[in-house]
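Please read the structure below before turning to the comments.
The values are calculated or read from the model by the stated rules, or taken from the named source; none is laboratory data. Quantities reported herein were computed from a predicted structural model and do not represent experimental measurements. Quick reminder, even Gly has a Cβ in these numbers, built from the backbone with ideal geometry, and neighbours come from all protein chains shown. Side chains included, ligands, DNA and RNA excluded: accessible areas come from the protein's heavy atoms. Shrake-Rupley method; radii C 1.70, N 1.55, O 1.52, S 1.80 Å.
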Amino acid sequence: MVPPEDCQTMTEVRAGVDATDKELVQLLKRRFGYMDAAARIKPERGAVRDEVRKAQVIDNVRAHARAAGIPEASVADLWDRLIEASIAYEFDEFDRLRG
């Protein structure tokens, strides 16, 4: 994979995007694995949604985005959607484990 700053063609750009997407999916797999663990560990269904933790995660991501020089608001929006998907997944896993 050619680093973005060294890309000379759209073929290189697209290959880099595709490779990065593949890496991101593997990271998401690991993140959802933590949702599996949370569903297993949390003692009650009501503990799945934690708005204080959600805000903390988004604040952390905003800071990481700012430090990385990428669009903070866009990253925070992506994470909001990711967290909501993670919560839905965790609810399903919690119910599956106890169903």
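Some observations on this one:
- Given (1) open to solvent by less than 90 Å² (accessible area, probe 1.4 Å); (2) in contact with an Asp or Glu (Cβ under 9 Å, 6 or more places away or on another chain); (3) charged (D, E, K, R); (4) touching a residue at least 40 places away in the same chain (Cβ under 8 Å), index of the condition residue 31 fails: (2)
- Complete set of residues in segment 45-55 that are out of contact with any Asp or Glu (no Cβ under 9 Å at 6 or more places or on another chain) and outside any loop (DSSP other than H, G, I, E, B): 46, 47, 51, 52, 53, 55
- So residue 48, is it in contact (Cβ under 8 Å) with a residue 40 or more places away in the chain and open to solvent by less than 70 Å² (accessible area, probe 1.4 Å): yes
- Residue 57 in contact (Cβ under 8 Å) with a residue 24 or more places away in the chain, of a type outside the set (D, E, K, R) and open to solvent by less than 70 Å² (accessible area, probe 1.4 Å): yes
- Flag if residue 68 is aliphatic (A, V, I, L, M), at pLDDT 95 or above, within 30 Å of residue 2 (Cα to Cα) and exposed (fewer than 13 other Cβ atoms within 10 Å of the Cβ): yes
- Looking only at segment 86-98, and only at residues there that are of a type in the set (A, V, I, L, M, F, W, C) and closer than 14 Å to residue 51 by Cα, the one that is most open to solvent (accessible area, probe 1.4 Å): 88
- Only one of 18, 77, 36 that is exposed (fewer than 12 other Cβ atoms within 10 Å of the Cβ), free of Cβ contacts under 8 Å to residues at least 60 places away in the same chain and either within 30 Å of residue 7 (Cα to Cα) or in contact with a helix residue (DSSP H, G or I) (Cβ under 6 Å, 6 or more places away or on another chain) (or both): 18
- Verdict on residue 61 being assigned to a helix (DSSP H, G or I) and touching a helix residue (DSSP H, G or I) at 6+ places or on another chain (Cβ under 9 Å): yes
- Some residue of segment 7-15 being exposed (fewer than 11 other Cβ atoms within 10 Å of the Cβ), without any contact (Cβ under 8 Å) to a residue 60 or more places away in the chain, of a type in the set (Asp, Glu) and at negative phi: no
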